[in-house]
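The values are calculated or read from the model by the stated rules, or taken from the named source; none is laboratory data. What you are looking at is a predicted structure, and each value in this text was computed from that prediction instead of being measured. No Cβ is skipped: glycine too gets one built from the backbone with ideal geometry, and neighbour counts run over all protein chains shown. Only protein heavy atoms, including side chains, enter the accessible area calculation; ligands, DNA and RNA are left aside. Shrake-Rupley method; radii C 1.70, N 1.55, O 1.52, S 1.80 Å.
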Number of protein chains: 2
Amino acid sequence: MQSLRVALGDRAYDIHIGTGLLNDVNLILPFLKKAGVAIVTNETVAPLYLERLAGGLRNAGVAVTEIVLPDGEAYKDWSTLNRVFDVLLERHAERSTTLIALGGGVIGDLTGFAAACYQRGVPFIQVPTTLLSQVDSSVGGKTAINHPRGKNMIGAFYQPRLVLADLDTLDTLPDRELAAGLAEVIKYGLIRDAEFLAWLEANMTLLLARDKTALAYAVHRSCEHKAEVVAADEKEAGERALLNLGHTFGHAIETGLGYGAWLHGEAVAVGTLMAAELSARLGWLDRAAVERVEALFRIAGLPVRGPDLGGDRYLELMSHDKKVQDGRLRLVLLAQLGRAVLTDQAAEADIRAAIAARVG
Amino acid sequence: MQSLRVALGDRAYDIHIGTGLLNDVNLILPFLKKAGVAIVTNETVAPLYLERLAGGLRNAGVAVTEIVLPDGEAYKDWSTLNRVFDVLLERHAERSTTLIALGGGVIGDLTGFAAACYQRGVPFIQVPTTLLSQVDSSVGGKTAINHPRGKNMIGAFYQPRLVLADLDTLDTLPDRELAAGLAEVIKYGLIRDAEFLAWLEANMTLLLARDKTALAYAVHRSCEHKAEVVAADEKEAGERALLNLGHTFGHAIETGLGYGAWLHGEAVAVGTLMAAELSARLGWLDRAAVERVEALFRIAGLPVRGPDLGGDRYLELMSHDKKVQDGRLRLVLLAQLGRAVLTDQAAEADIRAAIAARVG
C-alpha cells in the first residue's frame, strides 16, 4: 500500500493506493462515529464489492445502511440524490453518520454532494472502484450533480476524510471504462509532466493488460499531481482550472448527446484533441505534437473524433461552462506537451475550426 | 446606520442596520463583479421593494436578473430551488455572478443554498425584509431547503458577503410576521441576556407600534448576539446549538402541520414554552419564570399553545432533528431565564409531559 496526503490544513486527508484495501476495515474504522455508515453504491458495483466492504464493517460492529442506486451518468441528478436523502432520513441518519461512496465518478460526485448537503454536512469517505475515479474524481472535493442545461452545475467543494483506491476493483472494470480512466491519466502528463507522458507512451500496453505494478504507478503519480494542485488551489481560483484540459469541449459532447451516451473520459479525450488542435492553430503545438497525442489516445482505445453537433451547438453548450468569466470563454490549452495554460484569447473562428477538425 | 461585523476570518462580513439602506447602492457596489447580480425575491416583496433595489443597481450600470418566486415556507423546496438554477443557467450566470436574497427567511435560506451550490458556489448578499430574517436567519450562513420528512434537512453552511437590514421594510410587514420575528428576538434574551429580556418586557409596546428606535435597538442587539455565537462556533459544534431554543419542538409543529400552516416564529414560541415546561419539570425554572415567558409571548401576539399532534407524533418528528446524536435527542433547555443549556438527559416521560402541558 502506498499513501499520500492532500495538504488542506484542518481538512487534510490521506489517499491509500494498493490491493486488498476493501478487506482491511482498520483503514476506515478510526474515522467512524457511533452513528455508523451509509454506503452508497450502484447496481453494477454492489454485487461485486458491497458485501466485501459492508460485511467487514458489520463484523467490526458498525451499523451499516446500504443504498444501491441505478448505474450511469444519466442518474447523476436531483431525483437520484433525493433517493439518498429519503433513505438517510428514513433511517434517522445523523450529523455524525459517515457516507461512504463505493463506485465510480458518478457515485463519488453524487455521494459527496449528498454528504455536503445532508443536515448541512456529514463526513464522507471515497472508495473509488474505477480508474477514472481513482486518479481524478475521488480526490479534491469536487462534488456535484448534473442539470439538464449543464454537467456538474449544482454542487459543492466538500472534501472527503479519506480516499481508499483498491486496485483489485479494476479487475472487473470493462475495457471501455479502463480506457476512459486512462484519458484522465494522460491528461496529467499533458498538462504538467512530460516525463510521465513519455512513461505512459512506453507503458500503455502494460496498463491495458492491467499489470498491477504499472497501474499502481499510474494511479499514484496521477494522485500526486491531483493532490498537489488541489492543495495549492482548492476552490479553482487559478491553477486547478488546468486540470480541466479538454473538459469544456468534452462537457459539450456529454451534454449535447445526453448524459451517458459517451463516457466522461471518452469525451475528455476528444475534447483534449480539440484543445490540441486549437493550440496548434495558435502556433503553440506543431502537427507532430498533435499527432503524438492522438496516437496515445488511439493506443489507449479512446475515440479521437467527436460527434458532429454543429459548431453553433458546440459553442452554445460551451458557453455554459463554469470557466466563463465576464462573458468570455476561458479554455485550457497546451503551450507545449507537458505544460497547460488558461486563456481567454482564442478567437471564435479558431475555436470553430478546431472543433470542425475533430468531428464526424 | 449601525454596523457590526461577523468575525469569521477570511469569510468575515458586515451587517448594516438602519433606514434607507435599499436606496444606497454604494453599500452593495463594492462587492459586485462585472457579471452582475441576480436578485431572488418573492411575489409579496417584489411589488414593494424590488424596483427600489434593482433600479438603483441598474442606474449604477449593473446587469440585474430578477427571479420572483411564490411566497411561503411551502415553496422552500427543491422544485423552487431548481427554478432559480434554471434562470441562472438560462441567463448564463457565472461563478462571479452575485446572488442577492431580497425577502424573509425562506428567500434568504433558499437563495443562500442556491448560491452555495450553483457552480459549486457564487457570492451572495442578504437583504432581509422581515424582522425574523433581520435578527436571525440572514446572519450566520445557515442555508437550506426543506424535505418532506424534515425542515432544513438539505442545506449548507455558506456565509453571505454582506447583510443589509433596512428597517424601512418592516413598515409593510403584517402584524403576524412582526410577532413571529419577535419570538426570535425574545429567544436571545432567554438564552443569553437577562437584561435584554427585561428591556423587551419594558419595550414590547413600542416594538409592536414599530417605533424605529426601539426596533433598531432590538435588531442590533439580536445581531450582536447572533454574530458573537456564530463567530465562536460557525458549524454548530457546541454553543451555536443554543440558538435553537424551542426549535426542535417547533420544527415538529411545522413539519407535523405541513409547511406554512404556522409561521416559523409562532412554532418557535410554543416550542420555547415546551422547553420552559420541561426545564421546570427538571427543577431548573419555577412556575413564575415559565409564566413570565408565556406573558411576554402573549403580549407580543404569539401563540402559547401548540396543535395536538399526539405525543408519539411529536417524538417521531423530533427524532429527525439535526441535534440527535448517538440516537439520543439533545434539547436546548433553560437553566434559568438568560441561560440556556444543551442536554440529552431529559427523560422521555418528561418530554411527553412538557408537550402535553402545551397542546390543545
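Quick look at the numbers
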| item | result |
| --- | --- |
| Whole-number percent relative contact order across region B:175-356, with pairs defined as alpha carbons under 8 Å at least 6 apart | 28 |
| Residues of region B:85-119 with amide N under 11 Å of the 7 Å Cα→Cβ point at B:Asn59 | none |
| The protein assembly as shown: antiparallel DSSP beta bridges as a percent of all, rounded to 5 | 45 |
| Estimated dipole of region A:86-167 in Debye, rounded to 20 [Cβ of Lys and Arg +1, of Asp and Glu -1, Cα centre] | 260 |
| Label-zone membership for region A:138-180, site A:Arg11, 7 angstrom Cα→C-beta point, backbone N under 20 Å | A:138-146, A:152-164 |
| Calculated P(r) tail over 43 Å for the protein assembly as shown, as whole % of Cα pairs | 30 |
| Rounded, prolate or oblate (a/c below 1.5 giving rounded, otherwise prolate when a/b exceeds b/c) for region B:189-270 by Cα gyration tensor | oblate |
| Within the accessible area of region A:226-330 (1.4 Å probe), percent carbon and sulfur | 47 |
| Candidate residues A:Thr205, B:Thr343: accessible-area rank, largest first, probe 1.4 Å | A:Thr205, B:Thr343 |
| Stokes-Einstein diffusion coefficient of chain A, Kirkwood radius over Cα pairs, 10 °C, 1.306 mPa s, in µm²/s | 78 |
| GNM result for chain A, Cα springs below 10 Å: residue of A:Gly327, A:Gly181, A:Gly311 fluctuating most strongly | A:Gly327 |
| Farthest toward positive dipole pole in the protein assembly as shown [+1 Lys/Arg, -1 Asp/Glu at C-beta], among A:Gln126, B:Ala269, B:Gly310 | A:Gln126 |
| Rounded to the nearest 20 debye, dipole of chain A from Cβ charges on Lys, Arg, Asp, Glu | 560 |
| Cα-based shape type of region A:2-172, given that a ≥ b ≥ c are square roots of the gyration tensor eigenvalues and the cut on a/c is 1.5 | rounded |
| Region A:133-185, relative contact order [Cα under 8 Å, separation at least 6], % | 32 |
| Accessible surface, region A:260-360, averaged per residue in Å² (probe 1.4 Å) | 40 |
| Region A:116-157 versus region A:212-227: alpha-carbon centroid distance in Å | 20 |
| Interface residues, region B:128-165 - accessible area loss of 50 Å² or more versus chain alone, probe 1.4 Å | B:His147, B:Arg149, B:Met153, B:Ile154 |
| Area hidden from solvent between B and A (accessible, protein heavy atoms only, 1.4 Å, total, Å²) | 3500 |
| Shape call, region A:220-261: gyration tensor on alpha carbons, a/c limit 1.5 | prolate |
| Solvent exposure of region B:88-135 as accessible area per residue, Å², 1.4 Å probe | 14 |
| Those residues of region B:73-108 for which accessible area with every protein chain present is at least 10 Å² below the isolated value (1.4 Å probe) | B:Trp78, B:Asn82, B:Phe85, B:Asp86, B:Leu89, B:Glu90, B:His92, B:Glu94, B:Arg95, B:Ser96 |
| 1.4 Å probe accessible area per residue over region A:162-245, in Å² | 34 |
| Rounded to the nearest 10 Å², the accessible area of A:His92 at probe 1.4 Å | 70 |
| Inter-probe distance in nm under a simple model that places probes 7 Å from Cα toward Cβ, at B:Lys235 and A:Glu316 | 4.3 |
| Chain A - mean residue ellipticity at 222 nm from DSSP helices (-39,500 (n - 2.57) per run, n ≥ 4, rounded to 500) | -13000 deg cm²/dmol |
| C-alpha center-to-center spacing [region B:39-63, region A:318-360] in angstrom | 35 |
| Region B:38-104: GluC sites (Glu not before Pro) in DSSP coil with no more than 14 other Cβ atoms inside 10 Å | B:Glu43 |
| Carbon + sulfur, % of accessible area of region A:123-210 - ligands and nucleic acids excluded, 1.4 Å | 52 |
| Among A:Leu21, A:Leu178, A:Leu29: highest mean-square fluctuation, GNM of chain A, C-alpha pairs under 10 Å | A:Leu29 |
| Percentage relative contact order, chain A, counting C-alpha pairs under 8 Å, at least six apart | 15 |
| Rotationally averaged projected area of region B:175-356 (alpha carbon convex hull; nm²) | 9.7 |
| Most mobile listed residue (B:Ser222, B:Ser96, B:Ser133) in chain B, GNM with C-alpha springs under 10 Å | B:Ser96 |
| Electrostatic dipole magnitude of region A:1-51 [Cβ: Lys, Arg +1; Asp, Glu -1; Cα centre; debye, to 20] | 240 |
| Shielded by partner chains, region B:21-63 residues - at least 20 Å² of accessible area, 1.4 Å probe, vs chain alone | B:Lys34 |
